[in-house]
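Comments concern the structure below.
The values are calculated or read from the model by the stated rules, or taken from the named source; none is laboratory data. Being a predicted model, the structure only gives us computed values, none of them experimental. In this analysis, Cβ positions are derived from the backbone assuming ideal geometry, glycine residues included, and neighbour counts consider all displayed protein chains. To get the accessible areas, we keep the full protein, side chains included, count just its heavy atoms, and leave off ligands, DNA and RNA. Shrake-Rupley method; radii C 1.70, N 1.55, O 1.52, S 1.80 Å.
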Amino acid sequence: MVMSSLRSWGHLCLLLAVVAVAAPPVHGEDGYRLWLRYDRISDAEKLQVYRKAFSSLHVAGSTATLNVARRELRRGLEGLLDTDVPSVQAPQSHTILVGTPAQSDRIAELGLDGALNRIGPEGFVLRSMTVDGHPQTVIAANQEIGALYGVFRLLKRLQTHASVQDLDVADAPNVEHRVLNHWDNLDRTVERGYAGFSIWDWWKLPEYKKQRYTDYARANASLGINGTVLTNVNADATVLRPRYIEKVAALAEVFRPYGIQVYLTARFSAPQEIGGLETSDPLNPKVRQWWQDKVDEIYEKIPDFGGFLVKANSEGQPGPQDFGRSHAEGANMLAEALAPHDGMVMWRAFVYSNEVPEDRAKQAYNEFTPLDGEFRDNVMVQVKNGPIDFQPREPFHPLFGAMPETPLMMEFQITKEYLGFETHLVYLGPLFEEVLGADTYAKGEGSTVATVVDGSLHDYEFTGMAGVSNIGTSRDWSGSHFNQANWYVFGKLAWDPHAGAEPIAREWIRRTFTNDTTFIQPVTEMMMASRQAAVNYMTPLGLHHMMGADHHYGPAPWIDVEDVGREDWTSVYYHRADSAGIGFDRSTSGSNAVSQYYPPVKEKFDNLDSIPDKYLLWFHHLPWDYQMDSGRTLWNELVYRYNAGVDTVQWMQEEWARLEGMIDDQRYSQTETMLEIQEQEAKWWRNACLQYFQTFSQRPIPDRYPKPPHSLEHYKSLEFPYAPGI
Ligand code: BDP
């Protein structure tokens, strides 16, 4: 009896032990912690190694930024190592020593001058050294923010189970201004935001500073993001009123220790709207004075204010052209006011007009290239990655490489306005990487977009990369767990535009989910395939701009001028489907947009023998029976691609299902549900588009593919009055 109950007790213990080892984390995770999860390291061997290597820390100095560095290091180590890692006065064996030569003689005497000379103000050295006979890990930087970046780098190594022996890392950002653009309105709605409302609670500022502001700054600093434009490019002059400047100053104060500067969008007509002037003409002396006073007022409250981002004469926004002045004249007026404070103007090149009888894709280039060299030194022109508007795929913007005298910034869109909102699992790393890696040939082979953006091609004085944020009040910040990866990859590529999307995905998965390779491998594959999947089920073969009007939700290739009032906002303008074929002829015999690219890119895009399939219908209008390299006709290829997109989503669902139990249930099931939505919407895109294009092609959908279950009228009749993001 005793024996048997002991045995069952033993069994129970064994069972409990097995469950404890094999069971997935039972607690749910809501994603608030992002990739900064510092849970105890699961690999026992690694844990031992790390515990031995790091038994104490010494952050030399107690400035605001160094205090942040110390707190982060403690939090990280104590969480990851699950043991006390004290802060010591004098470094001992296995201390992590952090600081700058200016703050600490100890750091100054390490003999790191050579390395420090090469890493600029924001870089860091992370090195295993022996100091006074003690093995130590040193994080040294020229400025404190570099030290903080070094701390995050060391913690990342622990989170990803990397080696910490014989460290010899020196790293610095390749791009100077790494900024998020929030399209946040003062009423807390977010244009093209799918993650809830704006995290800026303007009403309660400046008094009440939410913890979330600090958490935001910390997350950005962990990626090296060093700037944030708080307000929508469709700007509201109200933010320039004194009351709001106080609020902005309060946010700037929270962000400052994290190395993050704040910027605002400047509404060009502000002198009239809030300044009581009769004009906003940039050459008018009173207007110039108004801006100078306004800028001085801002700097009085925010000494490290970053500057202005401006959308002018675009989509109804006011601008210098309203007064017969050029973009350069408008930008220079603001730049002159900002220059004494070292502030920057980020002037957007996203301009086009339906009154100009020219292919929209060509207009920004036509407008801006003649102005090259006319901008003041502290102006950067911010260019979207492609010539239309953040479509699932576009060729790179031809302005890259075409303005050697004007620093061009990259503008990516992190929020997925055109790539499935918050629900579709679409990792944007491959999109960003494709654009940055594209060769402009501006100065011969190797003149990639990345070399324009990092300033090396034209020796730009300033460099920058902007990402339109996907951050909102949603607990998981970005509307879904996988959307966090897009914020992450943006930050990483802004730091180094030459980095690869795939290693970044792996690293993100390790930090966000688990270090288990049986999880990492399939999830990396899903992420890397996801962008092409979206291209396939939305706009394959170079098609673009075929989404629902205004809200941009779902397929609507039928949108024409009666729906939206202007041609360049329709779908039919872009796909030009007719009984003869489909595609926008931008070749030398069409709109000639190809000629905005340098040879041999121009020839490559112009010529049907050399153009990659992915850009085919962007540049050419081709007959439905056009023979593709695949052996299929163009129509059959379209059908094939749309179905391939759906297939990939279904494959992602199967892969995900195999991973059940490997992560917490909360994040697992959110993703599972999102994938279900994505599958439904991918099919909807396929069915609606094929149904519509078939009215022109008059060709059958081959038997092996499913037929759209509804009539075209059905798809056209769908309405979405409360779609998010407008
Ligand atoms: C488009 C968006 C619109 C933005 C505009 C812009 O639909 O909401 O205002 O870009 O970038 O993608 O200015």
- Task: Enumerate the helices in the chain for which the Kyte-Doolittle hydropathy averages -0.5 or more and the C-alpha atoms extend at least 27 Å along the helix's axis, using complete DSSP H runs.
- Result: 2-22, 517-538
- Item | Under-5 Å amide H pairs with GLN382, H placed in peptide plane, nonlocal only | TRP347, ARG348, ALA349, MET409
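Which percent of the accessible heavy-atom area of the chain goes to carbon and sulfur, probe 1.4 angstrom?
49 percent
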- Message: Let me cross-check ASP625: its accessible surface, 1.4 Å probe, with only protein heavy atoms counted, in Å² to the nearest 10?
- Response: 80 Å²
- Item | Solvent-accessible area per residue for region 276-330 (1.4 angstrom probe, square angstrom) | 42 Å²
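Quick one: which of LYS384/LYS614; LYS46/LYS492; LYS492/LYS604; LYS604/LYS707; LYS362/LYS602 span more than 24 angstrom between C-alpha atoms? Walk me through the numbers before you get to the answer.
On the way: LYS384/LYS614 19 Å; LYS46/LYS492 26 Å; LYS492/LYS604 31 Å; LYS604/LYS707 36 Å; LYS362/LYS602 14 Å.
Where the Cα-Cα span goes over 24 Å, the pairs concerned are LYS46/LYS492; LYS492/LYS604; LYS604/LYS707.
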- Taking every pair of alpha-carbon atoms in the chain, what share in percent sits in each 10 Å bin, from 0 to the bin with the longest distance? 3, 14, 23, 25, 19, 11, 4, 1, 0, 0, 0
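Taking a 1.4 Å probe, which of ILE726, ILE245 shows the most accessible area, and what order do the others take after it?
On the way: ILE726 120, ILE245 5 Å².
Sorted by accessible area, descending: ILE726, ILE245.
As an exercise, identify the GluC sites (Glu not before Pro) in region 423-517 lying in DSSP coil whose Cβ has no more than 15 other Cβ atoms within 10 Å.
On the way: sites: GLU433, GLU434, GLU445, GLU461, GLU507; in loops: GLU445, GLU461.
Here the sparse-neighbourhood loop sites are GLU445, GLU461.
Extension gain LYS716-ALA162, at 0.36 nm per residue separation less the Cα-Cα distance, in nm? Spell out each step's value before the answer.
Details: separation 554, 0.36 × 554 = 199.44 nm, distance 5.28 nm.
So the chain would gain 194.2 nm between LYS716 and ALA162.
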- Item | Neighbour-limited loop hits for trypsin sites (Lys or Arg not before Pro), region 194-301 (at most 12 other Cβ within 10 Å; DSSP other than H, G, I, E, B) | LYS204
- Which parts of region 529-543 would a label at GLU655 reach, counting a residue when its backbone N lies under 14 Å from a point 7 Å out along Cα-to-Cβ? 529-534
- Query: Out of residues 5 or more away from TYR263 or on other chains, whose amide H comes under 5 Å of its own, with H placed 1.01 Å from N in the peptide plane?
  - Reply: THR228, VAL229, LEU230, GLY306
- Hey, can you grab everything whose amide H is under 5 Å from the amide H of VAL98? Only 5+ residues off in sequence or another chain; H modelled, so Pro and N-termini drop out. HIS58, VAL59, ALA60, ILE139
- Item | Residue-span extension gain [ASP459 to ALA102] - 0.36 nm each, minus C-alpha spacing | 125.5 nm
- Item | Karplus 3J(HN,Hα) series, Hz, for region 471-483 with 6.51 cos²θ - 1.76 cosθ + 1.60 (x for Gly, Pro) | 9, x, 6, 3, 4, 8, 6, 10, x, 6, 4, 6, 5
- Query: How much area per residue is accessible in region 513-629 when the probe is 1.4 Å and only protein heavy atoms are counted (Å²)?
  - Reply: 36 Å²
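Report the Stokes-Einstein translational diffusion coefficient (µm² s⁻¹, integer) for region 68-170, Rh taken as the Kirkwood radius over Cα pairs, at 10 °C with viscosity 1.306 mPa s. Intermediate results must be reported in sequence, preceding the final value.
Details: Rh = 13.7 Å.
Rounded to a whole number, D works out at 116 µm²/s.
Quick check: with the 1.4 Å probe, what order do ARG699, ARG704, ARG348 take by accessible area, largest first? Walk me through the intermediate numbers first.
Numbers: ARG699 75, ARG704 175, ARG348 5 Å².
Largest accessible area first, the list is ARG704, ARG699, ARG348.
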- Task: For every helix of n ≥ 4 consecutive DSSP H residues, a contribution of -39,500 (n - 2.57) applies; sum these over the chain, divide by its total residues, and give [θ] at 222 nm rounded to the nearest 500 deg cm²/dmol.
- Result: -12000 deg cm²/dmol
- Note on the structure: Label model pair ARG241, GLU315: point-to-point distance (7 angstrom along the Cα→beta-carbon line) in nm is 2.5 nm
- Task: Please report the relative contact order for the chain, taking Cα pairs under 8 Å with a sequence separation of at least 6, and give it as a percent rounded to a whole number.
- Result: 12 percent
